[in-house]
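Worksheet for the structure shown next.
Any read-out appearing in this document is the output of simple, stated calculations on the displayed coordinates, not a laboratory observation. Since this is a predicted model, take the numbers as computed values, not measurements. Note that each Cβ is placed from the backbone with ideal geometry, even for glycine, and that neighbours are counted across all protein chains shown.
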Amino acid sequence: MKHCGKCFSFSELAEPVKEGVGGQNPVLTYALGICSALAVTGFVDTTLTMCLSLLFVCTSSTFIVSLLRDITPHRVRMITQMLVISTFVIVVDSFLKAFAFGTSEKLSIYVELIITNCIIMGRCEAYAMKNSPLLSALDGFGAALGYSLVLLAVSLVREPLAYGELAGFDIWPKDLTIDLFGQAAGAFITMGLVAWIVRAIWPQTEESSHG
């Protein structure tokens, strides 16, 4: 769709975000980002940090990739995208090590692995290389927000069941916890339950189109 100048209607601006959160949620629809989703969702605080990091990297990267799309040679576009993404990941990693070292230690290598997150690469290649910087940034934000909401939902289930805590506060005795939910198998079970509930409420999730 062609636009006059930089004028976009509210519905056009809202559509990429809406699709990323609902109809084309990267985790629930395409099972993207599953490894990091399962790895960092044991505690709400680490999940929030990961979500904010991905929101910043995905939004910023899609914006810059779109800005550069007309001057980026086709044969090196993937390398260019990786360089842009890695630059923002380095910024996030350095910030966490400087101001939230404990959380950075908990997340271990998963912040660095944002560089290879297929959600960001997918939005850069499928959307940012074809659309304006503003719409691309909103698309990246929507995809990251959809990912983040799923991760938060999983962590809100796993932390209480596995550790009897929520955001670091005790909510019930430790002897009522279930060790399974602190492990990978429990993460898979929780993710499956979240996906089942969302798709039961929103059956259109698998039928929407986006790009």
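Remarks
- Value at 222 nm in deg cm²/dmol, rounded to 500, when DSSP H runs of n ≥ 4 in the chain each add -39,500 (n - 2.57): -20000 deg cm²/dmol
- To the nearest ten degrees, helix 184-201 and the longest principal axis of the Cα atoms of the chain are 60 degrees apart.
- Once the Cα-Cα distance is subtracted from the 0.36 nm per residue extended length, the I90 to A200 segment shows a gain of 35.7 nm.
- Averaging the sequence gap over all C-alpha pairs within less than 8 Å and six or more residues apart, then dividing by the number of residues, gives the chain a relative contact order of 34 percent.
- Helix 133-163 axis, angle to the chain major axis (alpha carbon atoms, nearest 10°): 10
- Peptides ranked, highest mean first, by Cβ atoms within 10 Å: ranges 69-77, 156-164: 156-164, 69-77
- All other residues whose Cβ lies under 10 angstrom from that of S104 are scored, Lys and Arg at +1 and Asp and Glu at -1, for a net of 0.
- Plainly put, segment 27-201 has a radius of gyration that is 1.03 times its Kirkwood radius, both from alpha-carbon atoms, as the Rg/Rh ratio.
- Computed across segment 1-106, the Kirkwood hydrodynamic radius from all distinct Cα-Cα pairs reaches 16.2 Å.
- With Cα atoms, 0 to 90° folded angle of helix 44-68 axis to the chain main axis: 10
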